[in-house]
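**Q** Handing you a structure now.
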Amino acid sequence: MPAKKPHGLAKSIGHVFSNQNQLEQALTHPSARTAKFRKGGKRVHENERLEFLGDRVLGLVIAEWLMELFPDGNEGELAQKLNALVRKETCADIARQVELDRYILVGNTERGGGVHKRTAVLGDAMESVIAAIYLDGGYAAAQDVIRRLWQGHMEAVGTVLRDPKTVLQEWAQGRGLAAPTYKVVSQSGPDHNPKFEIDVEVEGLEGETGCGGTKRGAEQNAAEKLLQSQSIKR
């Protein structure tokens with residue numbers, strides 16, 4: 001099924017574009033490079049450039065928001081929350097909430113393979129859309145959309161415990177041990193919905209195996225299991 005026209009997406013994210021070309025570019029994956037995206041003999045860039053800008057706009061909006069909500073938070077605590085809120089998996093989760101995959105323009109072969117549903121592609125496209133909003137309506141418009149779409153994640157991050165991989169590494173280093181090692185055991189499932197199994201090992205401890213839809217997620221799950229098995233507090 002071809003990508004839908006972006007009008008529905010604009011309604012979902014709550015921003016009316018004065019320049020629809022900005023949104024169209026944000027939704028154009030590099031695999032969709034065709035004559036359709038050429039004007040005056042010059043190729044219109046796909047969303048990679050917008051992704052670069054959107055990442056920075058998102059980071060600034062979230063950092064400013066965290067400063068407001070956690071006035072007593074130190075730099076390390078704020079950085080952890082920021083990383084959790086701007087990472088690719090979170091951006092992809094927001095993208096799924098607004099059904100962004102239905103609007104991403106990809107090549108015919110790539111669409112058949114489900115490329116537009118991949119976490120990395122969705123996360124990149126979400127950042128690109130943020131950049132498009134910023135360029136179209138300015139910082140206030142981007143801030144309004146981000147705060148609305150990220151509200152649930154911001155509420156959750158206030159109670160999120162520290163990243164299990166970080167905790168495990170700090171625990172090992174505090175005892176003079178080498179950093180934990182992670183090894184991919186298996187990868188299964190289609191490209192657009194993979195499943196990873198990853199082992200984590202720490203010197204002197206029995207290893208654990210974690211699962212997840214991304215390598216990072218599986219590593220976090222493995223680290224969490226090892227923390228629990230050793231009763232290591234987070």
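**Q** Tell me the label-point distance for the pair residue 188, residue 231, using the 7 Å Cα-to-Cβ offset, in nm and rounded to one decimal.
**A** Here the modelled spin labels are 3.4 nm apart.
**Q** Can you pull out the GluC sites (Glu not before Pro) in the stretch 112-215 whose DSSP state is coil and whose Cβ has at most 16 other Cβ atoms within 10 Å?
**A** Values: sites: 127, 155, 170, 197, 201, 203, 206, 208; in loops: 203, 206.
Listed in order of number, the matching sites are 203, 206.
**Q** Ratio of the stretch 164-229's C-alpha Rg to 2.2 N^0.38 Å, to two decimals?
**A** Computed over Cα atoms of the stretch 164-229, the ratio equals 1.12.
**Q** Can you give the extra length, in nm with one decimal, that the chain gains between residue 205 and residue 18 once fully stretched, where that is 0.36 nm per residue apart less the Cα-Cα distance?
**A** On the way: separation 187, 0.36 × 187 = 67.32 nm, distance 5.87 nm.
That works out to 61.5 nm of additional length.
**Q** Under the Karplus relation 6.51 cos²θ - 1.76 cosθ + 1.60, θ = phi - 60°, what is the ordered set of whole-Hz ³J(HN,Hα) values for the stretch 141-157, x standing for Gly and Pro?
**A** Residue by residue, the stretch 141-157 yields 5, 5, 4, 4, 5, 4, 5, 6, 6, 8, 4, x, 5, 5, 5, 6, 5 Hz.
**Q** Okay, moving on. With N denoting the number of residues in the stretch 122-187, provide Rg(C-alpha) divided by 2.2 N^0.38 Å, to two decimal places.
**A** Against the compact-globule rule of thumb, the ratio is 1.74.
**Q** Which net charge results when you count Lys and Arg as +1 and Asp and Glu as -1 among the other residues whose beta-carbon is under 15 Å from that of residue 150? Please report the intermediate quantities before stating the final value.
**A** Details: positive: 81, 87, 88, 96, 147, 148; negative: 55, 64, 68, 89, 93, 127, 144, 155.
Every neighbour counted, the sum reads -2.
Laboratory data are not the source of any read-out in this text; all were calculated from the coordinates shown. Given the structure is predicted, the values throughout are model-derived calculations rather than measurements. In this analysis, Cβ positions are derived from the backbone assuming ideal geometry, glycine residues included, and neighbour counts consider all displayed protein chains.
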